[in-house]
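A.B. asks: One structure coming up, written as structure tokens, with questions to follow.
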Amino acid sequence: MNGFFDIPSDLQHSYLGLIALHMQEALIPVLVGLLLALPIGLLCVHYDWLYPPVLWSSTVLYAIPSIAFFVVLIDYTGLTQLTVMIPLCLYSLVVLVPAVVDGIRSVPEETNAAAAAMGIGPVNRYVQVQLPIAVPAIMAGLRVATASSISLVSVGSLIGNQGALGNLLTTAMLYHRPQLAVTSVVTTAVLAIVVDAVLVLVRRVLTPWEPPSGRRSRRLAATISGAARTPESVS
Amino acid sequence: MIAIEEVSKRYADGTVAVDRLSLQIPNHSITVLVGPSGCGKTTTLRMINRMVEPSSGTIRVNGEDILRRPVNALRRSMGYVIQNAGLFQHRTILDNIATVPRLLGWSKQRARARAAELMERVGLDPGMARRYPYQLSGGQQQRVGVARALASDPPILLMDEPFSAVDPVVRRGLQEELLRIQSELGKAIVFVTHDMDEAITIGDRIAVMRTGGKLAQFAAPDEILSSPADPFVEEFLGADRGIRGLSFLSTRELELDRSQVFPVDSDWKRIAGRDEASSSVLVTDAGGKPLGWADLATWSGDVEALEPYGQSFEVGRDSLRVALDRAVLAPNGQAVAVDGAGQVLGVAGQETIAAAIRLARQRRAADAPQDASKLKAAP
């Protein structure tokens, strides 16, 4: 077993340390992406004309290879985790903005009208009515964004030691230890599955009001993941 | 009192939704806005709580221009019920109903106590308090919608086609419930519908609107039925407005025939021997409740062998329309009249009812000379 978990010292982390680093580099960008997507999505719903250019921009950002991002960012943020996380955060927007927009649009017209007619102002209507009802759609987007982000962190190995579990792939080649590559791939996959399961659980807790059959988010998840393409193959 | 004065709504593309509409909507009554789709009835309703701002004209509530009040405060002073209820699907029934009290700053406890009280008022099982909207039927959701609108006890209730999306049986139940609640609370209710029958059932006054946002007629339901203002209103009322108008005529003065009614323990031989007795008599039980019709020439005295009498009507409560309906459906053309306890007061044939209709019409014409002139003028 040591062949799999004996991490070379030049990675400067234990196996568990690599996992912690990987999670940090994967989840912080998604979280920041969500915080950005919530107001952007609301604006896109409020001003219809804004959505196509926003969607177009986020898609273009998504199409930029991360290595190109790194070349630009290294001048400003150096060979740091931040350089890895900024592109990941921008990538997450391509899934999260449509998820927020679809979520808010899924609020029935009568519900919005009823809320307005009860004297619930626009800000409170967003926070108290629209966002909670958008949770299933947003969570569906969050699941796709998170899984994608966890797999993409590995590109950080391109700028030195910032790929977390991805660095194991480089190390595996360097030291001719294919077991490390297996560890990297399997651990990344397991992490993605575990985080996804946690998100499913969180959603269940947040939406006790959803009918158990015909959960809308399944359809939404299908459309959103269909829209998301892998930007590049991870080397 | 809501005073709508010369109000118009024009959109940027030139469409006129409402055209110089004036309406006085009194307190303690149900005013129905009715008309075909695109007649501006919903727009009119939404201008009252400023969901839509009028292009010109003023709307006053108890004398005060609604534009002078902060919009959210204005809206919280008016209950709003919408088609499909528009419940907050992420909140329990109790919290849905407690929404406006919470917005008004009530404590959670007080708001929920009030919500529980309202659930009872609209006929919802208290066991539903912790359920979510998806667990309720359409009719139940609509009851929650009404309860939510009533939560802060607003003096005005705006209802936008609230019962249009439920099936006819449930709709009738909801209409009856609304009338019952209104008799207890006495709100100023503005009710929008495209269904003339619904308007007639629940309205104290009906505003018939025509395409283009114009008022065609504003009157009490029986007046609209008996004297529609123009061919548009007449057409909108449909073919059977004469029959429907009977809903407003009481059965109290109907001349009932008691000579054909006999309790089951009568001396049947003596009755059969009477000259004046018709061959068909209504047999009641010892308590006076109807059992069925008997043909004296052939009846053996067996209660099981009686001809069914169909349904009875209650004198005073049911209208001449119900009485006529019963008579038409009865095999021998005789409707059975009962009192509140279900005891037979007599029977009324179709001719008797027709005579009562003529009498009621004449009396009405004598009572209201203006109406009479309109009656003659109407085609």
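Laboratory data are not the source of any read-out in this text; all were calculated from the coordinates shown. What you see is a predicted model; the values in this text were computed from it and never measured. Reconstructed Cβ throughout: ideal geometry from the backbone, glycine too, with neighbour counts over all protein chains shown.
A.B. asks: Past the 28 angstrom mark, what percentage of all C-alpha to C-alpha distances in the range B:2-247 do you count?
C.D. replies: Pairs farther apart than 28 Å: 33 percent.
A.B. asks: Next question, about the same structure. B:H28: net charge of surrounding residues, Cβ under 10 Å, Lys/Arg +1, Asp/Glu -1, itself excluded?
C.D. replies: Combined, the nearby Lys, Arg, Asp and Glu give 0.
A.B. asks: While we're here: Can you give the FRET efficiency for B:Q24 and B:I243, using 1/(1 + (r/R0)^6), R0 = 45 Å, r = Cβ-Cβ distance, to the nearest 0.05?
C.D. replies: 0.90
A.B. asks: Still on this structure, please answer the following. Work from the charge dipole of chain A (Cβ charges, +1 for Lys and Arg, -1 for Asp and Glu, about the Cα centre) and give the residue of A:L38, A:P122, A:W56 farthest towards its positive end.
C.D. replies: Farthest towards the positive pole: A:P122.
A.B. asks: Residues with amide H under 5 Å of B:I206's amide H, sequence separation 5 or more or different chain, H placed in the peptide plane at 1.01 Å from N; which?
C.D. replies: For B:I206, the qualifying residues are B:V32, B:A219, B:A220.
A.B. asks: Under 12 Å from the Cβ of B:A3, count the other residues' Cβ atoms, weight Lys and Arg +1, Asp and Glu -1, and hand me the total.
C.D. replies: Around B:A3, the surrounding residues sum to -3.
A.B. asks: So, one more: So what is the relative contact order for the range B:261-357, in percent, with contacts set as C-alpha pairs under 8 Å and at least six apart?
C.D. replies: Relative contact order comes out at 20 percent.
A.B. asks: Okay, next question. How big is the dipole moment of the range B:261-357 about its Cα centre under a simple scheme where the beta carbon of each Lys and Arg is +1, that of each Asp and Glu is -1, and everything else is neutral? Debye, nearest 20, please.
C.D. replies: Details: 7 positive and 14 negative charges, 37 e Å.
For the range B:261-357, the charge dipole is close to 180 debye.
A.B. asks: If R0 is 51 Å, what FRET efficiency do you get for B:A341 and B:A113 from their C-beta distance, rounded to 0.05?
C.D. replies: Details: r = 39 Å, r/R0 = 0.76.
For R0 = 51 Å, the calculated efficiency reads 0.85.
A.B. asks: Also, quick follow-up: For Cα pairs less than 8 Å apart in space and 6+ apart in sequence, what is the mean separation divided by the residue count of chain B, i.e. the relative contact order in percent?
C.D. replies: On the way: 704 pairs, mean separation 58.7, N = 379.
Rounded, it is 15 percent for chain B.
A.B. asks: Sort A:123-136, B:187-200 by the packing proxy (mean of other Cβ within 10 Å over each peptide's residues), most packed first.
C.D. replies: Listed from highest to lowest mean packing, they are B:187-200, A:123-136.
A.B. asks: Give, rounded to the nearest 20 debye, the magnitude of the charge dipole that the protein assembly as shown has about its Cα centre when Lys and Arg contribute +1 at Cβ and Asp and Glu contribute -1 at Cβ.
C.D. replies: Once rounded to the nearest 20, the dipole reads 1680 debye.
A.B. asks: Between B:P36, B:Y80, B:P54, whose Cα lies farthest towards the positive end of the dipole of the range B:28-86 when Lys and Arg beta carbons carry +1 and Asp and Glu beta carbons carry -1, centred on the Cα centre?
C.D. replies: Most positive-ward Cα: B:Y80.
A.B. asks: Continuing with the same structure: Starting at the first residue of the range B:205-211, write each ³J(HN,Hα) from the Karplus equation 6.51 cos²θ - 1.76 cosθ + 1.60 with θ = phi - 60°, in whole Hz, x for Gly and Pro.
C.D. replies: Here the 3J(HN,Hα) series is 9, 10, 9, 8, 10, 10, 3 Hz.
A.B. asks: Another question, then. Cut-off 18 Å, label point 7 angstrom out along Cα-to-Cβ of B:R172: give me the residues of the range B:213-255 whose amide nitrogen falls inside.
C.D. replies: From the range B:213-255, the list is B:243-248.
A.B. asks: Still on this structure, please answer the following. For B:L345, list long-range residues whose amide hydrogen, built 1.01 Å from N in the peptide plane, is under 5 Å from its own amide hydrogen.
C.D. replies: The list, which skips near neighbours in sequence, is B:A337, B:V338, B:D339.
A.B. asks: In nm, to one decimal, how far is the modelled label at A:T77 from the one at A:A20, with both set 7 Å along Cα→Cβ?
C.D. replies: For the pair A:T77/A:A20, the computed spacing is 2.2 nm.
A.B. asks: While we're on this one: Could you work out, residue by residue across B:103-110, how many beta carbons of other chains sit within 10 Å of that residue's beta carbon, and then give the average as an integer? Working shown, then result.
C.D. replies: Working: counts 6, 1, 0, 0, 0, 0, 0, 0.
Counting other chains' Cβ atoms within 10 Å and averaging over B:103-110 gives 1.
A.B. asks: Would you calculate the separation in nanometres between label points at B:D267 and B:R60, each defined as 7 Å from the Cα along the Cα-to-beta-carbon direction?
C.D. replies: Result: 7.5 nm between the two label points.
A.B. asks: Does the range B:279-351 come out rounded, prolate or oblate, given a ≥ b ≥ c as the square roots of the eigenvalues of its C-alpha gyration tensor, rounded meaning a/c under 1.5 and, failing that, prolate meaning a/b above b/c? Mind dumping the intermediate values first?
C.D. replies: Details: a/c = 2.56, a/b = 1.45, b/c = 1.76.
Cα axes put the range B:279-351 in the oblate bin.
A.B. asks: Which of the listed residues, B:T352, B:Q89, B:L104, is farthest toward the dipole's positive end in chain B, when Lys, Arg count +1 and Asp, Glu count -1 at the beta-carbon?
C.D. replies: Toward the positive end, the furthest listed residue is B:L104.
A.B. asks: Continuing with this model, one more query. Let me check against my output: what whole-number percent is the relative contact order of chain A, with C-alpha pairs under 8 Å and at least 6 apart?
C.D. replies: So the answer I get is 27 percent.
A.B. asks: Something else now. Once the piece of chain linking B:D125 and B:R10 is laid out straight, how much longer is it, given 0.36 nm per residue of separation minus the C-alpha distance between them?
C.D. replies: Additional length available on full extension: 36.9 nm.
A.B. asks: Per residue of A:128-141, what is the mean number of Cβ atoms on other protein chains within 10 angstrom of that residue's Cβ?
C.D. replies: Per residue, the average neighbour count from other chains is 2.
A.B. asks: Across peptide B:44-51, what mean number of C-beta atoms from other chains lies inside 10 Å of a residue's C-beta?
C.D. replies: Taking the mean over all residues of the peptide, I get 2.
A.B. asks: Using amide H atoms built in the peptide plane, which far-off residues or other-chain residues are under 5 Å from B:L296 H to H?
C.D. replies: Excluding prolines and chain starts, which carry no amide H, the hits are B:S280, B:V281.
A.B. asks: Extending each Cα 7 Å along its Cβ direction at B:A73 and A:V194, get the distance between those two points in nm, one decimal.
C.D. replies: About 5.6 nm separates the two model spin labels.
A.B. asks: Determine, from the Cβ-Cβ distance of B:L256 and A:T59 and an R0 of 56 Å, the FRET efficiency 1/(1 + (r/R0)^6), rounded to the nearest 0.05.
C.D. replies: It comes out at approximately 0.10.
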